[in-house]
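Report on one structure; see the data block that follows.
The values are calculated or read from the model by the stated rules, or taken from the named source; none is laboratory data. Predicted model, so just to flag it, every value in this text is computed and none were measured. Every residue, glycine as well, gets a Cβ built from its backbone with ideal geometry; the counts of neighbours run over all protein chains shown. With ligands, DNA and RNA removed, areas are computed over all heavy atoms of the protein, side chains included. Shrake-Rupley method; radii C 1.70, N 1.55, O 1.52, S 1.80 Å.
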Amino acid sequence: MARPAKAGRGFPVWLGLAPFGLVLVVLFAVPVLSLLKLAFGEGGFTLVHFHRMIDVPVYRSVLGTTLGIAGLVTVLAVLASYPLAYVMATVGPRARSLLMLLVLLPFWTSALVRTTAWIILLQSNGVVNALLMGSGLTTTPTAFIYNLSGVLIGMTHVLMPFIVLPLYAAFSNLELSTVQAAESLGAGPITVFRRIILPLTAPGVVAGGMIVFMNAIGFYLTPALMGGPGQTMIAQMIASNINTELNWPFAAALATVLLVATVTMLALFQRFFGLERLIEGGGGKAGEPFTVTSRGRSPGGWAAIVAACLVGAFLIAPIIIVFPMSLGSSPFLAFPPDSYSLTWYENFFGTTKWVAALTRSLQIAGLVVAISVVLGTLAALGVARMRPRWRSTVETIFILPMIVPVIILAVGLYYLLAPTGLVGSIWGVTLGHVVLATPYVFITVRAALKSFDGNLEFAALGLGASWATMFRRVMLPSIAPGIAAGAVFAFITSFDDVIIALFLTNIRSRTLPKLMYEGVAHEIDPTIIAASCLIILVTVLVLGGNLLLTKRKTT
Amino acid sequence: MNISALGKAVSIQSLGKSYGSTRALDGVSLNIAAGEFCTLLGASGSGKTTLLKTIAGFETYETGQILVDGVDVGPMPVSKRNIGMVFQNYALFPHMSVRRNVAFGLEMRRLAAKEIENRVDEVLALVDLTAYAERLPRQLSGGQQQRVALARALVIRPDILLMDEPLGALDKNLRQSIQLELKRLHAAVGATVVYVTHDQEEALFLSDRIALMDKGRIVQASTPRGLYEKPANRFVASFLGECNFIPSDGQEIAIRPEKLRVGRDLPGCDKKLEGHVTAVNFIGRGFRVMLDHRGAELAAEVDASDEIAALRVGTPVAFGFRSTDAMDIASI
């Protein structure tokens with residue numbers, strides 16, 4: 001949307017950009033840069049820490065493991081996404097919404113809850129092993145977790161949406177006539193897939209795959225809780241060098257490597273998107289999208305349906321399993337529970353540490369929402385009124401906290417804030433969450449502003465309104481849904497976070513996820529399952545509330 | 001190009017197909033001779049595209065059968081039918097060059113690389129695209145993409161060439177030049193063509209035979225002249241060109257606007273009637289005069305003359321026609 005430069009009167013650009021800019025400098029750039037400085041030597045420049053990474057076999061193998069796991073997760077996510085995306089593109093709108101929900105639900109479920117649920121499902125006396133042995137398929141428990149398969153399952157589960165969504169878009173862009181043209185020229189189903197569908201959906205897969213890989217190399221929780229010693233990834237190595245070895249410079253060097261790898265992937269991704277081309281199609285009128293005609297599906301299509309059902313079950317299983325489990329009454333985790341009761345909820349609300357942690361989490365999330373909504377909205381307004389020249393650079397900087405692995409931010413903030421005493425209060429973790437959450441508000445408000453008709457602004461100003469009045473009476477009501485969505489994302493970001501809390505809270509200031517983490521890392525107490533359900537419920541309530549509000553707005 | 005007379009005869013026998021409660025095809029029968037250019041003409045929803053897609057094998061049908069060269073193709077998958085198909089949006093493979101697009105069908109037939117190259121070169125020369133062989137489809141204009149689509153369909157030497165509104169996306173000038181090109185190609189190649197369009201001028205210009213469709217049925221199938229001059233019923237008469245229906249002794253006389261004469265002298269007219277002028281408009285090649293005759297509105301297209309130019313709205317005027325020009329149509 002082009003705006004004349006003079007429209008800047010009334011709301012100066014700097015007022016929009018400065019607050020979040022300042023927060024980013026103090027709470028993001030400074031901590032990350034001081035880590036980098038630490039990595040290259042506090043006294044004078046040295047590469048000794050980086051040499052050590054290559055020379056010591058343990059560290060070398062951690063780097064290899066990190067890349068290997070990230071690569072495997074990317075491949076698995078692609079393989080699992082193809083049938084699902086194909087089915088999403090070829091079924092009716094209702095089934096499509098259901099599948100979309102299946103894909104997005106893990107994404108919106110706290111990492112800790114998901115991981116807990118997987119452990120319950122997959123541990124040696126867990127649900128899956130009970131089913132396998134009960135049906136006679138196996139006689140002894142299969143080790144699904146605390147090894148490579150556990151890490152792959154947990155990570156693929158949460159990272160799949162990044163591939164399913166662009167792949168679904170690619171399938172929707174595919175034209176029915178393109179496929180029919182290949183068939184009319186003599187191509188059977190396999191050739192059509194290999195020579196037409198695969199190359200035309202590849203750009204979406206590559207884009208999604210890069211995002212998955214970029215995310216995967218920074219993973220901390222899943223390998224820590226679902227892997228064994230052989231699956232130690234770089235983020236865990238950073239944490240253990242800080243928590244147990246107290247070797248800050250080496251941890252900083254590892255963080256530098258992770259940061260460089262992530263930023264490289266990001267740069268490659270942007271290059272790639274510059275090359276986004278193949279999806280546009282061969283010109284002419286846009287035809288009917290790819291679908292199933294009266295001839296029905298090919299055997300391959302039916303195989304894809306079966307595969308998609310299995311993938312769907314994989315996505316939803318851990319989330320639905322926790323509800324019945326939380327209502328069991330026995331202290332031993334069995335599925336289905338022998339008898340149902342509210343014992344574990346009573347236990348949750350009857351124990352001071354759980355209630356205190358829940359209250360604190362809500363308190364922190366509330367503060368984070370309030371602060372990040374103001375910062376993010378101002379930043380979006382500022383960027384919208386900027387000259388176009390620097391706009392995309394500033395946009396990239398403002399969303400950087402979403403891209404840089406959380407462990408780096410957490411460690412950097414810990415390094416910066418430990419001497420100040422903020423770590424023991426709720427403010428340390430609140431500030432960390434603000435840095436993480438504001439980009440979400442920025443993105444949603446920015447999108448809302450893009451669809452806001454600039455002429456409305458000129459019309460109101462032309463009728464004699466001051467800029468402040470115009471904002472309050474014209475602009476704010478129309479971007480309110482964007483702000484509300486941003487607030488929801490900010491709330492969930494804060495309420496679900498473990499990693500920031502792991503470093504920036506102590507026993508007096510710990511949040512609910514941190515308390516759960518401490519439990520899961522040792523032994524799963526059924527109260528944790530009740531807590532998981534409460535977290536899912538709060539998330540669903542917040543998401544659902546927002547959905548209802550926007551629905552009412554549009555009807 | 002020596003692929004002439006490769007087309008095969010198509011026989012469609014009482015084909016029926018439903019989408020829910022609507023009859024998409026309602027007992028369609030049509031025989032198309034080998035090498036014939038047959039157009040399915042109709043409004044949208046008339047079933048013409050559905051019929052084309054069932055011939056191609058993209059859609060199934062519930063009753064009847066389709067014979068190609070005497071063989072029932074019903075159970076045959078699309079990929080085994082040896083059809084050439086040109087889509088409305090061309091459906092070129094966006095990730096392949098012109099050469100690879102055209103070669104695709106030959107690769108499916110596992111021809112030797114050398115022969116593929118030769119045949120691709122030959123067909124690209126035929127559609128005058130040799131210089132564009134290495135380009136991607138999006139680097140071509142609409143008309144060039146159209147020709148690539150045609151070359152890709154022709155190179156496999158199809159039994160039938162099916163074309164689904166292939167000129168729909170082009171502007172008018174380009175459409176006319178490609179129509180000429182198509183006619184030339186059809187004469188050179190001699191393929192059996194089934195062509196779908198809603199554009200009656202295009203149908204008249206291109207076809208050996210036109211099957212006019214409405215509500216899933218073929219209303220009339222005939223040569224372009226036969227359809228225009230001897231329409232079977234009122235629907236055909238008004239769909240193809242314009243038609244006046246003059247009330248006369250409780251019956252109706254159907255006559256084309258260009259067959260009506262207007263003015264004092266009506267040379268050659270053995271039927272003479274009276275009406276009132278309701279409008280006179282200059283349309284380049286002559287005048288279009290609108291008349292009111294006993295409550296019926298009639299259109300006449302007449303040569304320019306001072307007498308016609310001087311007609312005033314509301315004044316009475318004489319008009320007439322030759323009774324041999326009146327068309328004998330069924331009343332429905």
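Before moving on, here are some points about what is shown:
- Looking only at residues of the range B:73-96 that are under 15 Å from B:V193 (Cα atoms), facing chain A (nearest Cβ under 8 Å) and hydrophobic (A, V, I, L, M, F, W, C), we find that the one that is surrounded by the fewest Cβ atoms within 10 Å (Cβ to Cβ) is B:I83.
- Annotation note: of B:D164, B:D69, the sole residue that is of a type outside the set (A, V, I, L, M, F, W, C), surrounded by fewer than 21 Cβ atoms within 10 Å (Cβ to Cβ) and more than 14 Å from A:A182 (Cβ to Cβ) is B:D69.
- Elements of type helices (runs of 4 or more DSSP H) contained in the range A:397-506, each with 1 or more residues being within 28 Å of A:F28 (Cα to Cα) and open to solvent by 40 Å² or more (accessible area, probe 1.4 Å): A:406-417, A:426-450, A:476-496
- Scope the range B:48-66; condition in a loop (DSSP other than H, G, I, E, B) and open to solvent by less than 10 Å² (accessible area, probe 1.4 Å); matching residues: B:G57, B:F58
- Assessment of the range B:102-115 against the conditions (open to solvent by less than 10 Å² (accessible area, probe 1.4 Å) and away from every other protein chain (no Cβ under 12 Å)) yields no matching residue.
- When each of B:L206, B:L180 is tested for being among the aliphatic types (A, V, I, L, M) and buried (at least 18 other Cβ atoms within 10 Å of the Cβ), the lone residue that passes is B:L206.
- Residues within the range A:379-396 that are in a helix (DSSP H, G or I), open to solvent by 40 Å² or more (accessible area, probe 1.4 Å) and in contact (Cβ under 8 Å) with a residue 24 or more places away in the chain, tallied: 1
- Residues of the range A:291-323 satisfying the condition of being part of a helix (DSSP H, G or I), open to solvent by 40 Å² or more (accessible area, probe 1.4 Å) and not β-branched (V, I, T): A:P299, A:G300, A:W302, A:A303, A:C309, A:L310, A:A313, A:F314, A:F323
- Note on the range A:84-102: residues that are open to solvent by 20 Å² or more (accessible area, probe 1.4 Å) and assigned to a helix (DSSP H, G or I) total 11.
- Test: A:G218 is more than 25 Å from A:R297 (Cβ to Cβ), of a type in the set (G, A, S) and assigned to a loop (DSSP other than H, G, I, E, B): yes
- Single residue of the range A:178-203 satisfying the filter (open to solvent by less than 20 Å² (accessible area, probe 1.4 Å) and either among the polar types (S, T, N, Q) or away from chain B (no Cβ under 13 Å) (or both)) that is farthest from the chain's Cα centre (by Cα): A:S184
- Selection from the range A:23-36 of residues that are closer than 14 Å to A:Y415 by Cβ and either in contact (Cβ under 8 Å) with a residue 24 or more places away in the chain or not in a helix (DSSP H, G or I) (or both): A:L27, A:F28, A:V30, A:P31, A:V32, A:S34, A:L35, A:L36
- One residue from A:G68, A:G43 being in a helix (DSSP H, G or I) and either over 30 Å from A:I397 (Cβ atoms) or open to solvent by less than 60 Å² (accessible area, probe 1.4 Å) (or both): A:G68
- Filter result for the condition that a residue is more than 13 Å from A:F314 (Cα to Cα) and either open to solvent by less than 20 Å² (accessible area, probe 1.4 Å) or in the same structural domain as A:T65 (by TED's automatic domain parsing) (or both), over A:V151, A:V128: A:V151
- Qualifying residues in the range B:308-332 (those that are surrounded by 13 or more Cβ atoms within 10 Å (Cβ to Cβ) and more than 29 Å from the chain's Cα centre (by Cα)) - the one farthest from B:F282 (Cα to Cα): B:R322
- Some residue of the range B:248-261 being more than 22 Å from the chain's Cα centre (by Cα), outside the structural domain of B:A33 (by TED's automatic domain parsing), buried (at least 16 other Cβ atoms within 10 Å of the Cβ) and part of a loop (DSSP other than H, G, I, E, B): yes
- Candidates A:L137, A:L79 - the one that is without any contact (Cβ under 8 Å) to a residue 12 or more places away in the chain, out of contact with any helix residue (DSSP H, G or I) (no Cβ under 6 Å at 6 or more places or on another chain) and in a helix (DSSP H, G or I): A:L79
A quick yes/no check of all residues on (1) at pLDDT 90 or above; (2) more than 22 Å from A:A252 (Cα to Cα):
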residue: A:F398; (1), (2): yes, yes
residue: A:P401; (1), (2): yes, no
residue: A:V406; (1), (2): yes, no
residue: A:T444; (1), (2): yes, yes
residue: A:G462; (1), (2): no, yes
residue: A:I483; (1), (2): yes, yes
residue: A:F503; (1), (2): yes, no
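- Test: residue in the range B:29-40 that is more than 18 Å from the chain's Cα centre (by Cα) and either open to solvent by less than 20 Å² (accessible area, probe 1.4 Å) or not assigned by TED's automatic domain parsing to the domain that holds B:N118 (or both): no
- Any hit, the range A:230-238, residues being touching a residue at least 12 places away in the same chain (Cβ under 8 Å), away from every other protein chain (no Cβ under 14 Å), hydroxyl-bearing (S, T, Y) and open to solvent by less than 10 Å² (accessible area, probe 1.4 Å): no
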